[in-house]
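Just below is one structure, and these are the notes that go with it.
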Amino acid sequence: MKKLIVCLALGALICAFCGLPALAQEYGFVAKWEGFSYPRGVAVDPSGNVYVVEQNAHRIQKFTSTGTFITKWGTYGSGDGQFRYPEGVAVDSSGNVYVADKTNQRIQKFTSNGVFITKWGTYYPMGVAVDPSGNVYVADYYGNRIQKFTSSGRLIATWTLEGYAYPRGVAVDPSGNVYVEEQGHNRIQKFTSTGTFITKWGSGGSGDGQFQDPWGIAVDSSGNVYVADYGNDRIQKFTSNGVFITKWGSRGSGDGQFCYPWGVAVDSSGKNVYVSDSRDRIQKFAPINTPTGTNVEVQLDYGITCTFSQVTARGVTTATVTETGPAIPGNFKLLGKYYDIYTRPNYSYSGPIIISIPYDDAGLTPAREKRLRLQHYVDGTWVDITESLDTTNNIITGEASHLSYFAVIELPYESITGNPEVDAAMCVLDNKYTDPETGLATHGTYVSAVANKIVEMRMAGKITKAEGGEIVKKAAQSSVNMP
């Protein structure tokens, strides 16, 4: 075993020095949304919202990361906020949106909600990208060049590409390096922010690292490069120096398949990849994170952990946080937001699933915190699945039969005696905690120094037994076992 570990570590080290990826990552289909009219460029803002250039509708549509429509803008024309066959789209760190308005031969800049800000001209813009400093790069298809502008449209630099490159896509990594997709040469070129050549890769073909009319290009926060290989109906992923990592897709209209992919974008987490294709849809992909096996533990976003008893077909497990969800009963209080946890694509599991979700205890008294429960939405009803509550690490855990909506809720306070003043005087007799502020008990035997009653409580805070009797007040206040 020690030799195996050493060999694996050495292999990873060698890969690091060679510039080779240690492990090839696989991607799986997560979701899709349809009904577009030639969706071309795709971009993701810092909050994870997705912008789609709908070329034949001459407009931009904005969605949440799960495909919920937010807003749209644009009509056919040449006025401010109008488009004629727009192509590329990019979003800066402030959420401003830049659109390559191809046939109008200009770049238009908008707020995140589509309010027009400014515009400037360029010859035939196909791709647009923004660097960390807010500079804008434009792939001028027929001009055979890359142009660099300030965020307000002042020209900074231009560099011409060799031969008939026909640049379609352009992207910028976190260090400011510029990647250009050349349709005419079936390759990617990498430059510094001033246009100095760094490296290039690709040739015509269908092998790994080859392209057939590449179209969209994107770079994640780690510098990995994603290329929409249009003619090969696939996405290819590379290191920042062009070393092939993985690929996915094939010709077809099914989930995870492509029919001439156009645009590609990746969110700030580097996990979620969005692709547009000629089937008039956006597909969302993520790394396969749920292998086959028993007791499979999966770490999700937001600190959520899912442990599957048995996974018989691997896939992608994802979690999203939403503001809206199935209505919580009126006497419960929702703590935070809803958690929508689901699996894709054709993947199968059996047996119970252990769900652990962290929560924020800000503003909660100890007594209120002990009223937290993990709820699961099952067949139109919220069901309490709580197994444990870790108040030290702020994690609540439950057991579910399947995945859907989950929520952390606070149970309503239930009066113990019917008199708030009496409740406040409840004292614990058997060294178990009760909150003097509310009098809420979690379990055990308690006494009310005011009402002179013994009250036995169960977990939900309801009375299971209440007896009158002469109780020594001193004993109640000292929180010791009654003789």
Conditions (1) under 21 Å from residue 134 (Cβ atoms); (2) open to solvent by less than 30 Å² (accessible area, probe 1.4 Å); (3) not hydrophobic (A, V, I, L, M, F, W, C) -> residue 93 fails only (2)
I'm checking my understanding of the structure. Among residues of the stretch 24-39 that are in a loop (DSSP other than H, G, I, E, B) and open to solvent by 20 Å² or more (accessible area, probe 1.4 Å), which one is farthest from residue 253 (Cα to Cα)?
24
The stretch 334-379 - residue that is more than 27 Å from residue 311 (Cβ to Cβ) and part of a loop (DSSP other than H, G, I, E, B) and, of those, nearest to the chain's Cα centre (by Cα):
360
Which residue is modelled with the lowest pLDDT, if the candidates are limited to the stretch 54-65 and must be crowded, with 16+ Cβ neighbours inside 10 Å and of a type in the set (S, T, N, Q)?
65
Conditions: (1) out of contact with any strand residue (DSSP E or B) (no Cβ under 6 Å at 6 or more places or on another chain); (2) open to solvent by less than 60 Å² (accessible area, probe 1.4 Å). Residue 253 meets all but one. Number of the miss?
(2)
For the stretch 169-217: of the residues being open to solvent by less than 50 Å² (accessible area, probe 1.4 Å) and among the β-branched types (Val, Ile, Thr), which is farthest from the chain's Cα centre (by Cα)?
199
Evaluate the following for residue 42: is it touching a residue at least 60 places away in the same chain (Cβ under 8 Å) and either in a strand (DSSP E or B) or farther than 27 Å from residue 257 by Cβ (or both)?
yes
Could you give every pair whose Cβ atoms fall below 8 Å, whose first residue belongs to the stretch 70-81 and is under 10 Å from residue 116 (Cα atoms), and whose second residue is open to solvent by 80 Å² or more (accessible area, probe 1.4 Å) and among the basic types (Lys, Arg), counting only separations of at least 6 or pairs across chains?
80/119
Among (1) under 24 Å from residue 245 (Cα atoms); (2) loosely packed, with under 13 Cβ neighbours inside 10 Å, where does residue 152 come up short?
(1)
With 308, 285 as the choices, which residue is of a type in the set (A, V, I, L, M, F, W, C), under 28 Å from residue 223 (Cα atoms) and either surrounded by 23 or more Cβ atoms within 10 Å (Cβ to Cβ) or more than 14 Å from the chain's Cα centre (by Cα) (or both)?
285
Kindly evaluate residue 298 against the criterion of being more than 19 Å from residue 216 (Cα to Cα), open to solvent by less than 10 Å² (accessible area, probe 1.4 Å), modelled with pLDDT of 95 or more and in a strand (DSSP E or B).
yes
Can you pull out the residues in the stretch 320-335 that are open to solvent by less than 60 Å² (accessible area, probe 1.4 Å) and in contact (Cβ under 8 Å) with a residue 60 or more places away in the chain?
320, 322, 325, 326, 328, 332, 334, 335
Given 111, 118, 71, 75, which one is open to solvent by 20 Å² or more (accessible area, probe 1.4 Å), under 19 Å from residue 280 (Cα atoms), over 20 Å from the mean Cα position of the chain (by Cα) and among the β-branched types (Val, Ile, Thr)?
75
Is there a residue being open to solvent by less than 60 Å² (accessible area, probe 1.4 Å), at pLDDT 95 or above and closer than 29 Å to residue 312 by Cβ anywhere in the stretch 405-418?
yes
Sort out which residues of the stretch 142-166 are among the basic types (Lys, Arg) and over 14 Å from residue 124 (Cβ atoms), and write them in order of number.
148, 154
I need a count of the residues in the stretch 342-354 that are modelled with pLDDT of 95 or more and within 16 Å of residue 316 (Cα to Cα).
1
Quick one: is residue 317 surrounded by 18 or more Cβ atoms within 10 Å (Cβ to Cβ) and part of a strand (DSSP E or B)?
yes
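The values are calculated or read from the model by the stated rules, or taken from the named source; none is laboratory data. On a predicted model such as this, the values are computed, not experimentally measured, just so you know. Counting neighbours? That spans all protein chains shown, and the Cβs are built from the backbone with ideal geometry, glycine included. Side chains are part of the model used for accessible areas, which takes the heavy atoms of the whole protein and leaves out ligands, DNA and RNA. Shrake-Rupley method; radii C 1.70, N 1.55, O 1.52, S 1.80 Å.
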